[in-house]
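> Structure below; questions to follow.
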Amino acid sequence: MFKNSITGLDKLFNNEDDIPGGSVILVSGREGALKSGFVFNIVSNYLAGSNEHGLYATLEETEESLLRNMRSLGIKKLDELHVFDYRDVRLEWEKEELDMIKVTEGLVDYYKEKYESFTVFALDSLNALYSVSSQINLRKKMYHFFTMLRDKNLTSFLILEKCSFDSHYIDCTERPEYFLADGIIELGMVEDKENVKRYIQIRKMRGTHHSMEKHQIIVGKEGLSILGSVY
């Protein structure tokens, strides 16, 4: 189960509820909130208990940089978790205007054909995907993209950097992905005069009963762990 992939994550779900298989989950938050670490950790540990394959596609970093950062968080990469960065695609087509959403769909098709047990997909990040894609009919494009992921029965984790305006972070709930996603997991920080705590909160998860409280999330020697309420 996904909720058993990170210590303490099960506390956020009731009884036998879990992140439903085949769902599209947004993992949103500001910089430094452990979005990439959370997604990589949950996917890697989930695959460790199965015979399935997963794909982590990153537009933000090279594969080498990503894996180095994961090691610094105590997070291990399994052979069943494949990492793809878009560096070679960008270099090969640097003089062309690519539809990176279609490129990503083609990438998913490739791994689905190569591994029959390819069941988990992660994208880091939607913001980077948008920055290299046409904004024309974006809602329609994302509807088809999300539908494609569901039709291929992939449990998908899509990282979304939280919007900002004049250094103040807002939810940007008018954006299409918030309506289209099956679940929204928010990672953030709570600050007071003495310290800063990172938190995780399930804002939305269709088909489940879950806590709405903010729980503290920390980095340990063997990856991430979730503690009790931050308040």
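> From the residues in the stretch 177-226 that are of a type in the set (Gly, Ala, Ser) and buried (at least 20 other Cβ atoms within 10 Å of the Cβ), which one is nearest to THR147 (Cα to Cα)?
Out of the qualifying residues, it is ALA181.
> Could you give every pair whose Cβ atoms fall below 6 Å, whose first residue belongs to the stretch 180-199 and is farther than 15 Å from SER36 by Cα and touching a residue at least 40 places away in the same chain (Cβ under 8 Å), and whose second residue is among the β-branched types (Val, Ile, Thr) and in a loop (DSSP other than H, G, I, E, B), counting only separations of at least 6 or pairs across chains?
VAL190/VAL230
Residue-wise test of (1) modelled with pLDDT of 95 or more; (2) within 25 Å of ILE202 (Cβ to Cβ); (3) small (Gly, Ala, Ser).
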position	(1), (2), (3)
ARG90	no, no, no
LYS95	no, no, no
TYR111	yes, no, no
ALA128	no, yes, yes
ILE136	no, no, no
MET142	no, yes, no
LYS162	no, yes, no
ASP171	no, yes, no
GLU177	no, yes, no
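> Something else: Just checking, does the stretch 60-78 include any residue being touching a Gly at 6+ places or on another chain (Cβ under 7 Å), part of a strand (DSSP E or B) and aliphatic (A, V, I, L, M)?
no
> Criterion first (modelled with pLDDT under 95, within 30 Å of LEU81 (Cα to Cα), surrounded by 15 or more Cβ atoms within 10 Å (Cβ to Cβ) and not charged (D, E, K, R)) does LEU149 satisfy it?
no
> Assuming LYS141 fulfils every condition listed in (1) surrounded by 12 or more Cβ atoms within 10 Å (Cβ to Cβ); (2) farther than 20 Å from ARG175 by Cα apart from one, which condition is it?
Condition (2) is where LYS141 drops out.
> Continuing with the same structure: Provide a single number: the residues in the stretch 74-111 that are within 17 Å of LEU55 (Cα to Cα), aliphatic (A, V, I, L, M) and more than 19 Å from the chain's Cα centre (by Cα).
Number of matching residues: 1.
> Among the numbered conditions (1) among the charged types (D, E, K, R); (2) in a loop (DSSP other than H, G, I, E, B); (3) out of contact with any His (no Cβ under 7 Å at 6 or more places or on another chain); (4) under 20 Å from ALA181 (Cβ atoms), tell me where GLU16 comes up short.
Failed condition: (4).
> Residues in the stretch 115-122: is at least one in a strand (DSSP E or B) and closer than 14 Å to GLY37 by Cα?
yes
> Failed condition for TYR199, given (1) in contact with an Asp or Glu (Cβ under 9 Å, 6 or more places away or on another chain); (2) aromatic (Phe, Trp, Tyr); (3) more than 13 Å from LEU9 (Cα to Cα), with all others met?
TYR199 satisfies every listed condition except (3).
> Quick one: which of GLY49, GLY37, GLY54 is of a type in the set (Gly, Ala, Ser), closer than 20 Å to GLY220 by Cβ and either buried (at least 16 other Cβ atoms within 10 Å of the Cβ) or touching a Lys or Arg at 6+ places or on another chain (Cβ under 9 Å) (or both)?
That would be GLY37, the only listed residue that is of a type in the set (Gly, Ala, Ser), closer than 20 Å to GLY220 by Cβ and either buried (at least 16 other Cβ atoms within 10 Å of the Cβ) or touching a Lys or Arg at 6+ places or on another chain (Cβ under 9 Å) (or both).
> Also: Quick one: would you say ALA33 is touching a strand residue (DSSP E or B) at 6+ places or on another chain (Cβ under 6 Å), assigned to a strand (DSSP E or B), touching a residue at least 12 places away in the same chain (Cβ under 8 Å) and among the aliphatic types (A, V, I, L, M)?
Taking the combined requirement at face value, the residue does not satisfy it.
The values are calculated or read from the model by the stated rules, or taken from the named source; none is laboratory data. Note that the structure is a prediction, hence the values are computed from the model and not measured. Note: ideal-geometry Cβ built from the backbone for every residue, glycine included; neighbour counts use all protein chains shown.
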